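Peer 1: One structure is given below, represented as structure tokens, and several questions about it will come after.
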Amino acid sequence: MKHTIGNWEASIGEDNGNGEFVIYQDESGTICRGDNEMINWKGNACLISAAPELLEALEVCVKRLECIEDYGHGEAIIENAKQAIQKARGESCS
């Protein structure tokens, strides 16, 4: 299954002025949209926009952890995964 490659961005309510969210990618355009009648719509917008980064970060983690004998060298990979998780939680949604 394919998905739109690249960083997805979220435009949320106050940003776009109409109480909806739009997930978009600069080159491909709109990926999905929703409105403020949806349950947890702001948090869901953050989670959806983080999807490509979460997938990439976790794929890298799995590959590295399968190959690393000394887990002390995986710090940068773990940090990337943590940043993607923060975005998914809405702690850093951009």
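Peer 1: Suppose we keep only residues that are within 11 Å of Lys87 (Cβ to Cβ) and without any contact (Cβ under 8 Å) to a residue 40 or more places away in the chain within region 20-60. Which one would you say is surrounded by the most Cβ atoms within 10 Å (Cβ to Cβ)?
Peer 2: Ala57
Residues checked against (1) of a type in the set (Lys, Arg); (2) more than 15 Å from the chain's Cα centre (by Cα); (3) farther than 15 Å from Ile12 by Cβ:
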position	(1), (2), (3)
Val22	no, no, no
Cys32	no, no, no
Glu37	no, yes, no
Cys46	no, no, no
Glu53	no, no, yes
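Peer 1: Return yes when Ile31 is of a type outside the set (D, E, K, R), at pLDDT 80 or above and in a strand (DSSP E or B) and no when it is not.
Peer 2: yes
Peer 1: Which condition does Cys93 not pass, out of (1) outside any helix (DSSP H, G or I); (2) surrounded by 13 or more Cβ atoms within 10 Å (Cβ to Cβ); (3) modelled with pLDDT of 70 or more, if it passes all the others?
Peer 2: Every listed condition holds for Cys93 apart from (3).
The values are calculated or read from the model by the stated rules, or taken from the named source; none is laboratory data. Computed from a predicted model, the values in this text were never measured in an experiment. Cβ atoms come from the backbone with ideal geometry, glycine included; neighbour counts cover every protein chain shown.
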